[in-house]
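A.B. asks: Would you mind keeping the following structure in view while I ask a few things?
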Amino acid sequence: MTDVMPLPASLRKRFYEPVILLDSLRAVYRKDNKLTEPDLEAAAGKSPQQMYYCFVNKLGQICDNQRGQHLGKTVTSFALLDSGNIEYRFASNLRDRDELNEVKQYVTEILNVLGDLADDDMDDKTRMASVFSRILHTVIAFNRSKMQHYIETLCENDNLRFCIGRSSEEATSKGESVSQALQSLQPHVDAAREAASDDDDTFVDSVRQLLEEIDKHHEPLLEDYMKQKTLGLGNTDSPWCEVRHALGRLLSYFIAIKVLISARKLWPRIFVNVDVNWIPSTEPSPDPPDIRRNARGIIQRMGRNKSTLDAYQQHAESLQNRPGGLDSQIKQRVHPLNFRPIVHAEVNLLDSILRDQAQAEYEGDDLLRFFNEAEFGRYVGSSKPTCLLCHLYFAAHHSGVQCRPTHKNLYYNWRAPDILNGDGQEAVEERNAILEQMVKDIREETKRAIKERSYSRRKHDSRDTPSNPLWSTTRASLVGGVDIDDLGSQLGQINLDKASSVGNRTESSRDTTSEDAGARLERA
């Protein structure tokens with residue numbers, strides 16, 4: 001694009017050198033990778049702001065329907081904006097226009113179902129169970145490929161059966177309880193796996209029954225037991241790690257529906273007369289940075305830090321003299337076929353919002369604000385915990401917009417939003433200042449990794465267990481007069497036939513935007 005103001009060559013080099021080095025160190029230190037502890041949100045006293053943040057994140061999660069895709073293709077971020085009407089604005093890492101429109105229709109349909117509810121409906125258990133069922137059907141169908149993967153994970157290498165047997169062999173009351181809970185899941189897992197080749201309705205019904213069973217048994221005892229089994233394991237592919245992650249991810253979809261319904265009770269306005277809009281994903285940049293191709297040269301350019309260079313020298317041989325050594329990893333990452341950076345969804349969405357705010361201010365229009373900004377602040381949510389570079393970008397940005405906490409995973413195919421010729425010199429200077437601060441932060445992280453000879457990275461870059469802003473020892477969470485946990489138990493009485501699918505509604509005249517609904521209900 002000829003109207004893009006490029007990064008100064010020196011800044012581009014100083015930015016990407018420590019990024020490439022740090023990610024290369026991660027590859028060499030792969031043996032140190034581990035599943036970090038899930039951030040189980042604490043029990044009591046969650047604020048409306050925290051509940052709202054969870055709601056926005058859940059919107060992203062139910063739209064992130066592919067895994068293992070190039071450049072995190074379907075990672076999705078949401079923000080709720082208020083210009084008199086509520087707007088749900090979202091971005092994905094690398095979806096095309098047709099795919100973004102599909103997501104828009106999917107989200108709009110779900111929001112319309114919730115927006116059509118009368119306040120009295122929220123106290124009607126039968127009505128709410130039906131709504132839960134319709135939304136769950138749509139979410140399972142849209143996320144089918146991901147759910148199939150998690151189900152296959154439970155079956156692969158007999159992971160679930162291994163955990164059933166091992167917990168039973170302990171001959172303790174806790175082990176027996178866990179074994180029985182996991183055993184109750186096995187027939188539902190098998191049925192869902194067998195339905196993988198069937199039509200959507202058959203598959204959805206099998207998965208729905210599995211999710212109900214997981215929800216029924218996923219008590220603190222089971223989670224604590226599995227967590228203890230994963231602590232200190234050097235092998236992140238162990239059956240306990242895989243089963244814990246897969247069950248948590250499957251349950252998170254069930255929880256997401258509870259969160260959406262809870263949001264409808266807490267903030268009904270964000271489900272009425274709303275718009276759902278997407279912004280285009282950015283194109284991967286084809287231009288690799290002109291950086292040094294060896295670790296020693298990059299470390300030397302990072303400043304006069306004798307202790308860092310000495311630490312590298314002490315174990316340089318072990319880093320280099322192996323297949324896929326450190327310098328080889330660096331060269332691989334800057335190869336034109338591999339270096340294709342994009343603007344991540346969170347940053348792309350932030351840039352879109354700030355541009356619209358600046359335009360409104362320039363034209364003397366009312367300022368576009370985030371929903372309930374005075375109480376909740378400014379927040380961009382995401383389907384996954386934020387990567388290290390997005391986290392550093394938001395932290396260095398003057399806007400004060402907050403993002404989802406980071407899992408500290410590093411993805412070198414990352415770039416800042418473009419600055420256009422018409423944006424002015426102030427925009428260029430601001431962009432450069434943000435990246436200069438990021439350079440300092442990344443260098444410090446790289447120095448730490450070299451000195452400590454480790455770089456912990458989450459194998460699973462989403463949470464290992466579903467988050468619950470109101471985690472407590474009691475299962476029930478109330479929304480109005482309806483026990484949301486009880487809705488799940490009523491699903492067995494409702495047929496998830498095709499006619500009940502939200503996705504089959506034809507009412508497309510009403511664009512809906514999801515707002516700051518609070519995650520009143522999430523179980524961890």
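A.B. asks: Of Ala196, Trp240, Ile257, which is farthest along the charge dipole of the stretch 181-276 in the positive direction, counting Lys and Arg as +1 and Asp and Glu as -1 at C-beta?
C.D. replies: Ile257
A.B. asks: Amide H to amide H under 5 Å from Ser382: which residues, 5+ apart in sequence or cross-chain, H placed 1.01 Å off N in plane?
C.D. replies: When sequence neighbours closer than 5 places are left aside, the close amide H contacts are Asn57, Phe78, Arg404.
A.B. asks: So how do 259-265, 130-136, 429-435 stack up, highest first, on mean other-Cβ count within 10 Å?
C.D. replies: By packing density, highest mean first, the sequence is 259-265, 130-136, 429-435.
A.B. asks: A follow-up question, please. So for each of 279-288, 376-385 I average, over its residues, the number of other beta carbons within 10 Å; can you give me the resulting order with the highest mean first?
C.D. replies: On the way: 279-288: 15.5, 376-385: 22.8.
Highest mean packing first, the order is 376-385, 279-288.
A.B. asks: Provide the gained length on full extension for the span Asp198 to Ser168, in nm with one decimal, where the gain is 0.36 nm per separating residue minus the Cα-Cα distance.
C.D. replies: Value of the extension gain: 7.4 nm.
A.B. asks: If you don't mind, another one. Order these by the 10 Å Cβ neighbour count, fewest first: Thr386, Thr76, Thr153.
C.D. replies: On the way: Thr386 25, Thr76 29, Thr153 20.
Ascending Cβ contact count within 10 Å gives the list Thr153, Thr386, Thr76.
A.B. asks: If you don't mind, there's one more thing I want to ask. Need one number: nm distance between label points at Lys125 and Asp287, each 7 Å from Cα along Cα→Cβ, rounded to one decimal.
C.D. replies: In this crude spin-label approximation the distance works out to 6.4 nm.
A.B. asks: Note down the relative contact order for the stretch 260-369 as a percent, whole number, built from C-alpha pairs under 8 angstrom at least six residues apart.
C.D. replies: That works out to 32 percent.
A.B. asks: If each residue's Cβ is checked for other Cβ atoms within 10 Å, how do Phe90, Phe142, Phe254 rank with the fewest at the top? Intermediate results must be reported in sequence, preceding the final value.
C.D. replies: Numbers: Phe90 28, Phe142 22, Phe254 25.
With the fewest neighbours first, Phe90, Phe142, Phe254 line up as Phe142, Phe254, Phe90.
A.B. asks: How large are Rg and Dmax for the stretch 317-398 when only the alpha carbon atoms are used, in Å?
C.D. replies: Final numbers for Rg and Dmax: 19.7, 62 Å.
A.B. asks: Can you pull the one-decimal nm distance between simple spin-label points at Ser145 and Lys216, each 7 Å off the Cα toward Cβ?
C.D. replies: So the two model labels end up 3.2 nm from each other.
A.B. asks: Which value, in Å to one decimal place, does the Kirkwood hydrodynamic radius take for the stretch 64-179 when every pair of different Cα atoms is included?
C.D. replies: The Cα-based Kirkwood calculation yields 17.9 Å.
A.B. asks: What is the distance, in nm, between label points placed 7 Å from the Cα along the Cα-to-Cβ direction at Asn294 and at Asp190?
C.D. replies: 6.0 nm
A.B. asks: What FRET efficiency, computed as 1/(1 + (r/R0)^6) with R0 = 30 Å and r the Cβ-Cβ distance, is obtained for Gln66 and Asp224, rounded to the nearest 0.05?
C.D. replies: Values: r = 32 Å, r/R0 = 1.05.
Efficiency computed from Cβ-Cβ geometry: 0.40.
A.B. asks: Can I ask one more? Quick query: amide H of Asn277 versus all other amide H atoms, modeled in the peptide plane; which residues come in under 5 Å with a sequence gap of 5 or more or a different chain?
C.D. replies: Tyr88, Arg89, Phe90
A.B. asks: A follow-up question, please. Cβ under 12 Å from Arg14's Cβ, Arg14 left aside: what net charge do those residues give with Lys, Arg +1 and Asp, Glu -1?
C.D. replies: +3
Bear in mind these aren't lab numbers, they're just calculated from the coordinates by the rules spelled out. Given the structure is predicted, the values throughout are model-derived calculations rather than measurements. Virtual Cβ from ideal backbone geometry, glycine too; neighbours counted across all protein chains shown.
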